[in-house]
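Just below is one structure, and these are the notes that go with it.
The values are calculated or read from the model by the stated rules, or taken from the named source; none is laboratory data. All values derive from a computational prediction rather than experimental measurement. FYI the Cβ positions are ideal-geometry reconstructions off the backbone, even for glycines, and counts take in every protein chain you see. Heads up: the accessible areas ignore ligands, DNA and RNA and are worked out on the full protein's heavy atoms, side chains in. Shrake-Rupley method; radii C 1.70, N 1.55, O 1.52, S 1.80 Å.
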Amino acid sequence: MSSEKEHRVSRRQFLTYTLTGVGGFMAAGIALPLTRFALDPALEGGDEQEMVAVASVDELTEEPQRFDYSFEQEDAWHTSEVTQTAWLYLDGDEVVALSPVCTHLGCTVDWDSNEDFPNQFFCPCHGGRFEKDGVNVAGTPPTRPLDVYEMEVRDGTVYLGRPISRD
Amino acid sequence: MKWTMQDIDTYLQAKEYVDTAVIPLIPIDLKEDVKQKVSMGTFISTMADAIERQFKGRVLLFPAFTYIKNQPLEKRKSELIDWDRHVYEQGFKHVVYLTADGDWKQVEDELPDMLVWLPALPFENMEDRYLKQMIDQQMKQIIPLLTNKWQSEPKQRP
Ligand code: FES
């Protein structure tokens, strides 16, 4: 089937091939992170984000308090220091750890900061609001609750992992 | 949001929510006080990142407006006004110019929108924990500047 003719590469074709080549290369560059991303869940089992000690249970109250903590994060290229914030409070004996990232477009929410909306998390950007347990208030822009952190309490210390989204 | 591919997608889909542009103003100078200029630039970028993190959903942080320090102030002022007009016409009703360069204070009244001037703090050798505290303290001043600005009418451009 394949004849000489088909194999002969004209200048224009060569150019096309070369361009495809470059395009292909670029596409590979773009595909790479996507592949990594796609593989990620599979890798997760052996490679969980480490749990970081954030607070001692003694410090916690029924009132949400803000804790900032940092840890080292490694990606393919470098290790960087990441700072994260969590709102922690006690619900009976249970520790609740909420992410401060507004689920609308990502501003940082604050607890009880707006006079008109006491005992709620308030987002200064577009007035998004969340109840104490992180559930979004209907009629404000966010459409899902604040994320909760993966959490563990060991020997009176609260350890946090990655934020998990709830619907 | 930042001037990155990922964030710009969010911006394009949620334009109506993103009405504030933050433009860092950073001088370049290799002749005099080079290190001081570098330090100033680092400081402003760090603060710009902190502002972006706090107000990610409403603010678009632009790449820095960078200029030669000894270039006449009038010239850079008019260039900055061009930037302002461009972003304003594209829907950014609030524009914040963020700088540590005192020159801009001289022309503050001639700028179309809000100049936030911060005295550059040298934090080259600061330990992380102090650095964090310092950023937090600065943010305590900056956050109300923005939230108050949002309460008031956008400045009209001539
Ligand atoms: S980002 Fe919080 S309400 Fe829009």
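Accessible area, 1.4 Å probe, largest first: how do B:R157, B:R53 sort? Intermediate values should be presented prior to the final figure.
Numbers: B:R157 45, B:R53 140 Å².
My answer, sorted largest first, is B:R53, B:R157.
Tell me the label-point distance for the pair A:T83, B:I68, using the 7 Å Cα-to-Cβ offset, in nm and rounded to one decimal.
Label-label distance for A:T83 and B:I68, simple model: 3.6 nm.
At 0.36 nm per residue, and after removing the present C-alpha to C-alpha distance, how many nm does the segment from B:E32 to B:M114 gain when stretched out fully? Provide the component values of the computation, followed by the final result.
Working: separation 82, 0.36 × 82 = 29.52 nm, distance 2.84 nm.
Full-extension gain reported as 26.7 nm.
How much net charge surrounds B:D84 when only the other residues with a Cβ under 9 Å from the Cβ of B:D84 are counted, with Lys and Arg +1 and Asp and Glu -1?
Once all neighbours under 9 Å are counted, the net charge is 0.
DSSP loop (so not H, G, I, E, B), at most 15 other Cβ within 10 Å: list which GluC sites (Glu not before Pro) in segment A:130-160 pass both filters.
Details: sites: A:E131, A:E150, A:E152; in loops: A:E131.
Taking segment A:130-160 and a limit of 15 other Cβ atoms within 10 Å, the loop GluC sites (Glu not before Pro) found are A:E131.
Apply the a/c threshold of 1.5 to the C-alpha gyration tensor of segment B:52-158 and tell me whether it is rounded, prolate or oblate. List each step's numbers first, then the result.
Values: a/c = 2.05, a/b = 1.27, b/c = 1.62.
Cα axes put segment B:52-158 in the oblate bin.
How many partner chain Cβ atoms sit within 10 Å of a residue's Cβ in peptide A:105-114, on average, as a whole number?
Average per residue, whole number: 4.
Pop out the ³J(HN,Hα) list for segment B:33-41 in order, Karplus 6.51 cos²θ - 1.76 cosθ + 1.60 with θ = phi - 60°, rounded to Hz; leave Gly and Pro as x.
Once rounded to whole Hz, the list reads 6, 4, 4, 4, 5, 5, 4, 4, x.
Please work out whether segment A:88-127 counts as rounded, prolate or oblate from its C-alpha gyration tensor, where a ≥ b ≥ c are the square roots of the eigenvalues and a/c under 1.5 means rounded, while otherwise a/b larger than b/c means prolate and anything else oblate?
oblate
Shape verdict for segment A:52-164, please, from the Cα gyration tensor: rounded (a/c under 1.5), prolate (a/b greater than b/c) or oblate.
oblate
Using Cα positions and a limit of under 21 Å, work out the lysines in reach of B:K105, with same-chain residues fewer than 8 apart set aside.
The qualifying lysines are B:K37, B:K69, B:K75, B:K77, B:K149, B:K155.
Place a +1 charge on the Cβ of each Lys and Arg in chain B and a -1 charge on the Cβ of each Asp and Glu, then give the dipole magnitude about the Cα centre in debye, rounded to the nearest 20.
Numbers: 21 positive and 25 negative charges, 37 e Å.
With only Lys, Arg, Asp and Glu charged at Cβ, the dipole is about 180 debye.
For the pair B:Q90 and A:D93, what calculated FRET efficiency results from E = 1/(1 + (r/R0)^6), where r is the Cβ-Cβ distance and R0 = 51 Å, to the nearest 0.05?
According to the calculation, E is roughly 0.45.
Just from its helices, what would the mean residue ellipticity at 222 nm be for chain B, if runs of 4 or more DSSP H residues each count -39500 (n - 2.57) and the sum is divided by every residue, rounded to the nearest 500 deg cm²/dmol? Mind dumping the intermediate values first?
Details: 5 runs with 75 residues, N = 158.
One gets -15500 deg cm²/dmol as the mean residue ellipticity at 222 nm.
Just checking the output field for B:10-16: average partner chain Cβ neighbours within 10 Å of each residue's Cβ?
Taking all residues of B:10-16 together, the mean is 1.
Express in Å², to the nearest 10, the accessible area of B:M139 obtained by rolling a 1.4 Å probe over the protein heavy atoms while all chains stay in place.
20 Å²
Using a 10 Å cut-off around each Cβ of peptide B:56-63, what is the average number of partner chain Cβ atoms that fall inside?
What the average comes to for B:56-63 is 4.
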